[in-house]
Amino acid sequence: MGAGVLTGDSVGGSFHRPSSGVLHCEELPLALLAERVGTPAFVYSSAAIRAQHARLAAALDGVPHRVHYSVKANSSLAVLSLMHELGAGVDIVSGGELHRALLAGIPASAIVFSGVGKTRAEIEDALHAGIAFFNVESEGELLAIDAIAGELSVIAPVALRINPEVAVETAHRYTRTGAKGDKFGIPYDDAVAVARLAAGLPNVELVGLDMHVGSQLTNMEPYRVGVDRLLGLLEAIRDCGTLRWLDLGGGLAVPYAPADEEVDLASFGAVARHAAHVSGLELVVEPGRFLVANAGILLTRVLYRKRSGGKDYVIVDAGMTELLRPSHYLAHHRVEPVDRAPAVVGESHLVDVVGPVCESGDFLALDRELGDAAPGELLGILSAGAYGYVMASNYNSRCRPPEVLVDGTRFAVVTRRETVDDLTRLESATPRWEDPCASA
Ligand SMILES: *Cc1c(COP(=O)(O)O)cnc(C)c1O
């Protein structure tokens, strides 16, 4: 059984219940951890991240490739530094992520910059740092990068992110990015023209092709079709630059529920092997969720129970401010008691697990067999390592929770809990007015 599999007593990643029935992260009992750091809190298993990285490396064994971890899935400096230790580079989508990656010790040469709306300042910073390449998403962006690189007297390495225009089935349309008409990438039919444009620009060098077809993909068909579409462009654009990279993007799925399919890594490896062989290029893969989702759990405590309109609610101290995915994508996360194994209470005791935020959409789990969850009890929201803390907000002036990294029996608070002083640090109650219309 590989890490990340959600079956039996293994709750996923390195979360498991020894015979005591208490949920552990690696060798650390989570109840003990919650006493030390309080709730809500995100907890990440370093062993689970290492295990997922090893699974991917095994699937791509023999394929010339680089793993560029997608920072937006979990941008904790400690996680980035662990990725660096594992030999991974990163894929960033903002200047903020560039700052984090560099702070975590990731060399600029291991940074790829994706995203549809790079600003002038972000492009400048990335050029100053000397990143590996930009994944360019439009003709306008290509021209902007060329102009800025010219001002800085550097040559900007660029890959073109092509929209392969494949039909993609993802759990939610918000996680689909590679279908015709999506906002991402250069339309397939424009690809050759944009490559020729790049060839004629003085301050950019075309170094690769890129795609990212979506997220939470279990089925390899979109990769297979997308790769074929990219390979189909290759000959037409080979003379437009010095092609080195074929970037397959991210999107590898993880199981969130016991019935969820595992991603077919063997097939992914086969698609990658084919792509590398036919293109003669080195592959770049940009997994985010795959490396971290099941390495994380959100610990939360039950505050109250209540019954309203025939519905039972379990009100906990975490909500959409900590974990937005249920509310934003209608995503499913397993919820389990921490101090004891889940009891079989039957369908007659279905409850909604909801947060304290003043929004009807503030829920973590709907219609779950947690009818016996009592006030004061500790719950774990599973698979919270990706798109969890990074999407947390201060809505309702809630302080963001800590992030804790576990390694064996040890833990470290790698992001401290925010305080109310943090909440107002950037504000001032007494405006210092400026009047740009006033004459000097
Ligand atoms: C979000 C994103 C990824 C990572 O997606 P996952 O589904 O988390 O693997 C990779 N590349 C790009 C360009 C992205 O926007």
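The values are calculated or read from the model by the stated rules, or taken from the named source; none is laboratory data. Predicted, not measured: the structure shown is a model, and the values here were computed from it. For neighbour counting, all protein chains shown are included, and Cβ atoms are generated from backbone atoms with ideal geometry for every residue, glycine included.
Looking at the range 154-170, which of the residues that are of a type in the set (A, V, I, L, M, F, W, C) and touching a Pro at 6+ places or on another chain (Cβ under 8 Å) is modelled with the lowest pLDDT? First the steps, then the outcome.
Let us first name the residues in the range 154-170 that are of a type in the set (A, V, I, L, M, F, W, C), namely 154-156, 158-160, 162, 166-168.
Retained after the next criterion (residues that are touching a Pro at 6+ places or on another chain (Cβ under 8 Å)): 166-168.
Values: V166: 87, A167: 77, V168: 73.
My answer is V168.
Identify, please: which residue in the range 200-237 is within 14 Å of the ligand (Cβ to nearest atom) and either among the acidic types (D, E) or in a helix (DSSP H, G or I) (or both) and is, among those, nearest to A144 (Cα to Cα)?
The residue in question is D210.
Across the range 331-377, which residue is surrounded by the most Cβ atoms within 10 Å (Cβ to Cβ) among those that are in a loop (DSSP other than H, G, I, E, B) and among the β-branched types (V, I, T)?
My answer is V338.
In this structure, does G250 turn out to be part of a loop (DSSP other than H, G, I, E, B) and either within 13 Å of the ligand (Cβ to nearest atom) or of a type in the set (K, R) (or both)?
Considered against the rule, which asks whether it is part of a loop (DSSP other than H, G, I, E, B) and either within 13 Å of the ligand (Cβ to nearest atom) or of a type in the set (K, R) (or both), G250 comes out as yes.
Hey, can you tell me all the residues within the range 32-49 that are out of contact with any Ser or Thr (no Cβ under 6 Å at 6 or more places or on another chain), in a helix (DSSP H, G or I) and either surrounded by fewer than 19 Cβ atoms within 10 Å (Cβ to Cβ) or of a type in the set (A, V, I, L, M, F, W, C) (or both)?
L32, L33, A34, E35, R36, V37, I49
Which residue, of Y329, Y313, Y304, is farther than 25 Å from A51 by Cβ and within 16 Å of the ligand (Cβ to nearest atom)?
Of Y329, Y313, Y304, the one residue that is farther than 25 Å from A51 by Cβ and within 16 Å of the ligand (Cβ to nearest atom) is Y329.
Residue by residue through the range 117-154, note down the ones that are crowded, with 16+ Cβ neighbours inside 10 Å and outside any helix (DSSP H, G or I).
K118, I131, A132, F133, F134, N135, V136, E137, S138
Of the numbered conditions (1) at pLDDT 95 or above; (2) under 19 Å from G388 (Cβ atoms), G4 fails exactly one; give the number of that condition.
Every listed condition holds for G4 apart from (1).
Is there a residue in the range 333-346 that is within 16 Å of the ligand (Cβ to nearest atom) and not acidic (D, E)? Lay out the reasoning, then the answer.
So the first thing to find is which residues in the range 333-346 are within 16 Å of the ligand (Cβ to nearest atom), and the list is 333.
After this cut, where a residue has to be not acidic (D, E) as well, the list is 333.
Yes, because at least one residue in the range 333-346 is within 16 Å of the ligand (Cβ to nearest atom) and not acidic (D, E).
Quick one: what pairs do we get from the range 300-326, first residue within 17 Å of E359 (Cα to Cα) and without any contact (Cβ under 8 Å) to a residue 24 or more places away in the chain, second assigned to a strand (DSSP E or B) and of a type outside the set (G, A, S), C-beta under 9 Å, 6+ apart or different chains?
K306/D312; K306/Y313; K306/V314; K306/I315
Restricting attention to the range 383-410, and to residues there that are in contact (Cβ under 8 Å) with a residue 40 or more places away in the chain and among the hydrophobic types (A, V, I, L, M, F, W, C), which single residue is nearest to the ligand (Cβ to nearest atom)? Steps first, please.
Taking the range 383-410 first, the residues in contact (Cβ under 8 Å) with a residue 40 or more places away in the chain are 383-396, 398, 400-410.
Still in the running and among the hydrophobic types (A, V, I, L, M, F, W, C): 384, 386, 390-392, 404-406.
Values: A384: 14, A386: 6, V390: 11, M391: 12, A392: 17, V404: 21, L405: 19, V406: 22 Å.
Across the range 383-410, the extreme among qualifying residues is A386.
Being under 30 Å from G371 (Cα atoms), of a type outside the set (D, E, K, R) and within 14 Å of the ligand (Cβ to nearest atom) is the requirement here; does A259 meet it? If you could, list the steps in order and put the result at the bottom.
Values: under 30 Å from G371 (Cα atoms): yes; of a type outside the set (D, E, K, R): yes; within 14 Å of the ligand (Cβ to nearest atom): no.
In short, no.
State yes or no: is V414 within 16 Å of the ligand (Cβ to nearest atom), touching a residue at least 60 places away in the same chain (Cβ under 8 Å), among the hydrophobic types (A, V, I, L, M, F, W, C) and farther than 14 Å from P326 by Cβ?
Values: within 16 Å of the ligand (Cβ to nearest atom): no; touching a residue at least 60 places away in the same chain (Cβ under 8 Å): yes; among the hydrophobic types (A, V, I, L, M, F, W, C): yes; farther than 14 Å from P326 by Cβ: yes.
No.
Taking D264 as the residue in question, decide whether it is touching a helix residue (DSSP H, G or I) at 6+ places or on another chain (Cβ under 8 Å) and surrounded by fewer than 22 Cβ atoms within 10 Å (Cβ to Cβ).
Here the answer is no, as D264 does not meet what is asked.
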